1. Please find, within region 42-58, the residue that is nearest to the chain's Cα centre (by Cα) out of those that are in a loop (DSSP other than H, G, I, E, B) and at negative phi.
2. Taking M39 and the conditions (1) part of a loop (DSSP other than H, G, I, E, B); (2) modelled with pLDDT of 80 or more, which numbered condition does it fall short on, given that it satisfies the others?
3. Applying the selection to region 169-198, what residues are farther than 21 Å from S225 by Cβ and either in contact (Cβ under 8 Å) with a residue 60 or more places away in the chain or polar (S, T, N, Q) (or both)?
Amino acid sequence: MTASGGEALLFWVLAPLMVLAASGLLVVRKAVHAAICVMFVMVGLAILYVAQEAPFLGVVQVVVYTGAVMMLFLFVLMLVGVDAADSLTETIRGQRWIGLLLGAGLAAVLLTVIGRATFRPAVGLEAANAATNPVALARVLFEHYVVAMQVVGVLLVTAALAGLVLTHRRRLGPRVTQRTVARARVAALAEGKPLTPLPAPGVYAQNNAMDTPALGPDGRPLPHSVPRVLRIRGQERSATSVLAAEETLVERRAAREAERAELSAAAGTSGARGPAGTSGTAGEPEPFEPETPGGKEHR
C-alpha cells in the first residue's frame, strides 16, 4: 500500500511540528507551556490515526488522552501552582552526571534497535477493519497483547497507589476540633489569657498602622496585638502616646461638637426675633385672607 499525496503532505506537515512540540518539553520553563506541548502532540497523533483509517483510535486519543488525562494534569497544576519554582539544589550527589549517562545509554540502545529493525511493506487496514475498526482493535489488544495490557493495568494501579502514599501525610497528634479549641481557651482564661482572639493592630485606635497597639473594650492598649518583629525592634508605639493621642482626638471632637451647638443656637435665636418692629420669624409670609364681596364694588 502506498500513501496518497494528501496523506503524505499531512504527515510531512504534522510530523515536524509534533517533533518540535515534543522537544519543547525539554526547554520550556513553565508547566502550563509543557502541558500545551503535550496536547499538541496528542492532537497531531489523533489526526494521523484518522488519516491512517483508524477513526476509533483517533477519537479515543482525543477523548481519553487530550480530554481526560490532560484535564487531570491541568487540574493538578492549578492545585500545585504554576509559579512554583523547582529547587536547583541536588539532593543526590552527582545525579546530573548519572542522568546524562543513563540518557546517553538509552539513546544508544534506541539507535541500535532502530538501525537493525526491518520494516515490511505496508498492507493497509482494509482487511483489519473488515469488522469495523473498534472490533479489529479489540482483537489485536486482547488476543495478541493481552499480557502486555494486564501489565500496563497493574503498573497504572501501582502508580495510583504510590501517588496516594506519597501525598498522604501522617498525623502526629490528635485532630484539633472547634470544641477542643474552645475548651483550651476557657482553660487558659484562668491564667489571665484572653478568651477571644486579640484584635489586629490599629483596631479602635486613631490609625491602622502596624506599630499602633489595638485598644481593648476598656480602652487600654493591647501591646501583644503589635507584631512580634516590631516589638523586638522597638518600633511599636508606647501605650502612653497612644492614650494621649486618643484623649487629644476626643477633646478635639468635643470642641467641634460644642462649637457646632453654639452656632446652631445662635442661628435659631436670630431667626426667632426677626426684623425690628415685627413679630414672628423673619421672612415668614403673612396669612392669606380672602376678600369679601362687599369690600370691592360688585360687578
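The values are calculated or read from the model by the stated rules, or taken from the named source; none is laboratory data. These numbers were taken from a predicted model, which means no experiment stands behind them. Please note: Cβ atoms are built from the backbone with ideal geometry, for glycine as well, and neighbour counts cover all protein chains shown.
1. In the first step, residues of region 42-58 are kept if they are in a loop (DSSP other than H, G, I, E, B); the result is 52-54.
Filter once more, so that each one left must be at negative phi: 52, 54.
Details: Q52: 42, A54: 40 Å.
Restricting to residues being in a loop (DSSP other than H, G, I, E, B) and at negative phi, the top hit is A54.
2. Checking M39 against (1) part of a loop (DSSP other than H, G, I, E, B); (2) modelled with pLDDT of 80 or more, the one that fails is (1).
3. Listed by number, the residues that qualify are T177, Q178, T180.
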